[in-house]
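First comes the structure, then the notes that go with it.
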Amino acid sequence: SRERRLKVSVTPLEDETLLNDNQFQLTVTVTPERIRVLYVDGYPRWEYRYLKNLLFRAASHLEASCYLLSATPAFTQESSKDIPPLTAVPTSRRELLENYDVIILGDVNPYAISPDPARCEEFLESLREFVEGGGGLLAQAGEYDNPYSFEGTALEDLLPVTLDGAT
């Protein structure tokens, strides 16, 4: 079982009169798995290179799949050891919820995720549901698209930077 019940108690003081408040019970969910990260960026900027390398060095507690939108079709997308490389950005709610704990969006135009506009819209809706379901989202601003390309999308109000340029 992934749940552990714990009981914490302290020895009563000598002059203590109320003894039934010296213990506390709680349930903790233990997750021995590694944190699964999806990192999507538009182009190989310095932030992408640094963060990608950092994710791969933390192999003992992270599994990372990276997808670089500007890469040629022949480029093998990078991922942690024993994780198959992605051939496309996962867009369905099910793919995101079942395979990732955290999603990092670099300088990405959400309408460049797929040549199919319906899959781009699906990605935006699925990502919103992923966050609402408890998944982590990190939006890493960039020079071209993030956060401005998310204006008017399902993710607009989730971004940490306002769209008028103020923080």
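The values are calculated or read from the model by the stated rules, or taken from the named source; none is laboratory data. Nothing here was measured: the structure is a model prediction, and the numbers come from that model. In this analysis, Cβ positions are derived from the backbone assuming ideal geometry, glycine residues included, and neighbour counts consider all displayed protein chains. Please note that ligands, DNA and RNA were not included when accessible areas were found on the heavy atoms of the full protein model with its side chains. Shrake-Rupley method; radii C 1.70, N 1.55, O 1.52, S 1.80 Å.
Annotations
- Considering only the stretch 14-167, percent of DSSP beta bridges that pair antiparallel, nearest 5: 5 percent
- Fraction of the pair-distance distribution of the stretch 71-133 above 16 Å, Cα-Cα pairs, percent: 50 percent
- Sites Tyr50 and Val30 - FRET efficiency at Förster radius 35 Å, r taken between beta-carbons, to 0.05: 0.65
- Of all accessible heavy-atom area on the stretch 10-167, the percent that carbon and sulfur account for (1.4 Å): 54 percent
- Angle between the chain longest axis and helix 117-132 axis [Cα atoms, degrees, rounded to 10]: 10 degrees
- Each listed q (0.11, 0.12, 0.15 Å⁻¹) maps to a log10 I(q)/I(0) for the chain from the Debye sum over equal C-alpha point scatterers, namely -0.54, -0.61, -0.84.
- Longest site-free stretch - the chain; sites: trypsin sites (Lys or Arg not before Pro), DSSP loop, at most 14 other Cβ within 10 Å: 82-167
- Put a plus charge on the Cβ of each Lys and Arg, a minus charge on the Cβ of each Asp and Glu, and nothing anywhere else: the dipole of the stretch 1-152 about its Cα centre is then about 600 debye.
- Distance from the stretch 1-66 to the stretch 106-127 (C-alpha centre basis), Å: 30 Å
- With Cα atoms, 0 to 90° folded angle of helix 46-57 axis to the chain main axis: 50 degrees
- For the stretch 45-137, chymotrypsin sites (Phe, Trp or Tyr not before Pro) are listed when DSSP marks them as loop and at most 11 other Cβ atoms sit within 10 Å of their Cβ; the list is Phe75.
- Whole-number D in µm²/s for the stretch 112-159 (Stokes-Einstein; Kirkwood sum over Cα pairs; 25 °C, 0.890 mPa s): 216 µm²/s
- Extent along principal axes [Cα atoms of the stretch 1-68; Å; largest to smallest]: 67, 27, 19
- Applying both filters, DSSP loop and at most 15 other Cβ atoms within 10 Å, to the GluC sites (Glu not before Pro) of the stretch 41-148 gives Glu143.
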